[in-house]
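The values are calculated or read from the model by the stated rules, or taken from the named source; none is laboratory data. Keep in mind it's a predicted model, so treat the numbers as computed, not measured. Neighbour counts are summed over all protein chains in view; Cβ atoms, including those assigned to glycine, are modelled from backbone coordinates with ideal geometry. The accessibility values were calculated without ligands, DNA or RNA, using every heavy atom of the protein model including side chains. Shrake-Rupley method; radii C 1.70, N 1.55, O 1.52, S 1.80 Å.
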Amino acid sequence: MTNPVAVEVTRGLLVESRHRGSVAVVDGDGKLVFSLGDIEAAVFPRSACKAMQALPLIESGAADAYGFGDKELALACASHNGEDEHVALAASMLARAGRNAEALECGAHWSMSQKVLIQQARALAAPTALHNNCSGKHAGFICTCCHQHIDPKGYVGYEHPLQVEIRAAMESLTGAVLGAESCGTDGCSIPTYAVPLKSLAHGFAKMATGTGLEPLRARASRRLIEACMAEPFYVAGTGRACTELMQIAPGRIFVKTGAEGVFCAAIPEKGIAVALKCEDGATRAAEAMVAATLARFFETESEVHAALTAFAATSMRNWNGIHVGDIRVTSALTE
């Protein structure tokens with residue numbers, strides 16, 4: 001199946017580029033509410049599934065043992081900018097388990113936000129693993145291991161007990177069989193699994209609604225999603241789509257990006273979740289796609305609908321501030 005063009009990029013009066021994509025919107029029972037393109041194709045959710053990967057942090061009792069609140073849980077689900085607040089909180093999480101940045105196995109990188117990167121370059125000789133966008137997730141991994149008296153060394157490995165636990169949780173939520181044949185290595189070195197897009201959406205719908213989940217997992221899922229919605233800055237940071245989209249309807253929309261044009265989202269009050277993929281991996285198109293998809297479900301709320309629709313339509317300007325074109329979703333997403 002050929003995915004339809006979901007986003008166009010114009011220059012002047014002409015379309016300069018086109019982005020194809022697929023979208024699945026599913027409710028807690030697995031019923032398809034809206035779809036676009038090939039939703040049975042397997043995609044690597046990458047960082048979009050961090051809330052699923054954070055379930056053992058709560059289910060093991062580690063989050064409560066270390067006194068984690070919404071900010072820490074949001075950071076455990078985050079792909080953050082490496083801003084000072086993110087770095088300090090990740091360090092604090094590790095310290096509560098008696099560990100430090102040396103325990104992190106995610107690697108170090110400069111911020112992916114140009115503004116933050118410039119600030120870092122002025123202040124740092126080099127970034128540490130705490131500046132990695134995944135440091136909160138990895139801090140959560142280490143805390144989970146420490147609380148369960150599991151040696152965290154090598155926690156990024158496919159066979160490590162923590163990764164086995166995470167894999168089982170993701171299989172339970174998505175219904176997909178996850179094994180070596182569907183496994184790749186993520187940017188932060190942990191295993192990442194290709195999952196059919198519809199199954200990924202269903203997994204998040206179950207997390208958002210609790211449908212079909214045992215009480216412990218339902219409570220943990222709700223707690224993680226609510227933490228992200230309560231503290232959107234700690235999920236991403238200044239100027240980031242996840243943060244800004246959740247701020248449009250505070251406490252009502254959950255949004256999480258992944259690399260290569262993937263987004264997952266949920267609207268708990270409506271009992272639905274979204275998973276989408278921009279086929280060519282372009283972030284600019286994926287951000288427009290998720291905003292437009294969310295807007296479909298707020299048509300009766302003019303203020304929220306208008307804000308989401310505006311987010312899906314980006315004006316492009318050159319270095320002199322001259323308007324040169326637009327990023328816009330096609331009728332495939334709006335009709």
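Within segment 131-145, is there a residue that is exposed (fewer than 13 other Cβ atoms within 10 Å of the Cβ), at negative phi and not hydroxyl-bearing (S, T, Y)? Quick ask: steps written out before the conclusion?
Looking only at segment 131-145, we keep the residues that are exposed (fewer than 13 other Cβ atoms within 10 Å of the Cβ), and these are none.
For segment 131-145, residues exposed (fewer than 13 other Cβ atoms within 10 Å of the Cβ), at negative phi and not hydroxyl-bearing (S, T, Y): absent.
Which one is most open to solvent (accessible area, probe 1.4 Å), of the residues in segment 147-159 that are outside any helix (DSSP H, G or I) and under 16 Å from K137 (Cα atoms)?
Our first condition is that a residue be outside any helix (DSSP H, G or I); within segment 147-159, this holds for 148-159.
With under 16 Å from K137 (Cα atoms) added as a condition, the list becomes 152-157.
Details: P152: 10, K153: 162, G154: 32, Y155: 0, V156: 27, G157: 26 Å².
In this case the residue turns out to be K153.
Inspect segment 88-111 for any residue being in contact (Cβ under 8 Å) with a residue 12 or more places away in the chain, closer than 16 Å to A236 by Cβ and of a type in the set (A, V, I, L, M) and give the result as yes or no.
Among the residues of segment 88-111, at least one is in contact (Cβ under 8 Å) with a residue 12 or more places away in the chain, closer than 16 Å to A236 by Cβ and of a type in the set (A, V, I, L, M), which makes the answer yes.
Looking for whichever is open to solvent by 60 Å² or more (accessible area, probe 1.4 Å) and farther than 15 Å from A51 by Cα here; the options are A90, A95. Which one fits? Before you say what the answer is, go through the steps one by one.
Values: A90 fails: open to solvent by 60 Å² or more (accessible area, probe 1.4 Å).
So the residue among A90, A95 that is open to solvent by 60 Å² or more (accessible area, probe 1.4 Å) and farther than 15 Å from A51 by Cα is A95.
Quickly run through segment 314-335 and pick out the residues that are more than 14 Å from E244 (Cβ to Cβ) and touching a helix residue (DSSP H, G or I) at 6+ places or on another chain (Cβ under 8 Å). Even if it seems obvious, please write down each step before you answer.
First pass over segment 314-335, keeping only residues more than 14 Å from E244 (Cβ to Cβ): 315-335.
Correct list: I327, R328, V329, L333, T334.
If G82 satisfies every condition in (1) under 18 Å from the mean Cα position of the chain (by Cα); (2) open to solvent by 10 Å² or more (accessible area, probe 1.4 Å); (3) at positive phi but one, which is the exception?
(2)
Have a look at L216, L162, L200 and point out the one that is open to solvent by 20 Å² or more (accessible area, probe 1.4 Å) and either among the aromatic types (F, W, Y) or out of contact with any Lys or Arg (no Cβ under 7 Å at 6 or more places or on another chain) (or both).
Working: L162 fails: open to solvent by 20 Å² or more (accessible area, probe 1.4 Å); L200 fails: open to solvent by 20 Å² or more (accessible area, probe 1.4 Å).
Residue meeting the stated conditions: L216.
Is it the case, given these coordinates, that A108 is assigned to a loop (DSSP other than H, G, I, E, B), open to solvent by 40 Å² or more (accessible area, probe 1.4 Å) and among the hydrophobic types (A, V, I, L, M, F, W, C)?
Here the answer is yes, as A108 does meet what is asked.
What about A168, is it assigned to a helix (DSSP H, G or I) and surrounded by fewer than 20 Cβ atoms within 10 Å (Cβ to Cβ)?
Values: assigned to a helix (DSSP H, G or I): yes; surrounded by fewer than 20 Cβ atoms within 10 Å (Cβ to Cβ): yes.
So A168 fits the description; yes.
Could you please give the count of residues in segment 175-190 that are within 16 Å of the chain's Cα centre (by Cα) and open to solvent by 10 Å² or more (accessible area, probe 1.4 Å)? Step through it out loud before you land on a result.
Filtering segment 175-190 down to residues within 16 Å of the chain's Cα centre (by Cα) leaves 186-188, 190.
Among the residues that remain, those that are also open to solvent by 10 Å² or more (accessible area, probe 1.4 Å) are: 186-187.
Final tally of qualifying residues: 2.
Considering segment 179-202 alone, what residues qualify as being modelled with pLDDT under 95 and closer than 17 Å to C77 by Cβ?
None - no residue of segment 179-202 is modelled with pLDDT under 95 and closer than 17 Å to C77 by Cβ, so the list stays empty.
Of these, A176, A218, A205, A236, which one is of a type outside the set (F, W, Y), assigned to a loop (DSSP other than H, G, I, E, B) and farther than 16 Å from A74 by Cα? Lay out the reasoning, then the answer.
Values: A218 fails: assigned to a loop (DSSP other than H, G, I, E, B); A205 fails: assigned to a loop (DSSP other than H, G, I, E, B); A236 fails: farther than 16 Å from A74 by Cα.
Unique residue meeting the criteria: A176.
Where residues in segment 219-233 are of a type outside the set (A, V, I, L, M, F, W, C) and open to solvent by less than 20 Å² (accessible area, probe 1.4 Å), which of them is nearest to S135 (Cα to Cα)? First the steps, then the outcome.
Initially, segment 219-233 is screened for residues of a type outside the set (A, V, I, L, M, F, W, C), giving 219, 221-223, 226, 231-232.
So of that shortlist, the ones also open to solvent by less than 20 Å² (accessible area, probe 1.4 Å) come out as 221, 232.
On the way: S221: 21, P232: 16 Å.
In this case the residue turns out to be P232.
If we scan segment 113-122, do we find a residue that is assigned to a loop (DSSP other than H, G, I, E, B), modelled with pLDDT of 95 or more and open to solvent by less than 40 Å² (accessible area, probe 1.4 Å)? Walk me through it before giving the result.
Initially, segment 113-122 is screened for residues assigned to a loop (DSSP other than H, G, I, E, B), giving 113.
Now drop any that are not modelled with pLDDT of 95 or more, which leaves none.
No, segment 113-122 contains no residue that is assigned to a loop (DSSP other than H, G, I, E, B), modelled with pLDDT of 95 or more and open to solvent by less than 40 Å² (accessible area, probe 1.4 Å).
Which condition number does D64 fail, the rest of (1) under 16 Å from the mean Cα position of the chain (by Cα); (2) farther than 29 Å from E279 by Cβ being met?
Here D64 meets the rest and fails (1).
Restricting attention to segment 1-46, and to residues there that are among the polar types (S, T, N, Q) and in contact with a helix residue (DSSP H, G or I) (Cβ under 8 Å, 6 or more places away or on another chain), which single residue is nearest to D326 (Cα to Cα)?
Applying the filter and picking the extreme gives S22.
Tell me, which helices (runs of 4 or more DSSP H) lie completely within segment 241-335 with 1 or more residues that are among the charged types (D, E, K, R), open to solvent by 30 Å² or more (accessible area, probe 1.4 Å) and touching a residue at least 12 places away in the same chain (Cβ under 8 Å)? It would help to see each step written out before you state the result.
Working: elements: 241-248, 283-295, 302-311, 331-334.
Helices (runs of 4 or more DSSP H) meeting the threshold: 241-248, 283-295.
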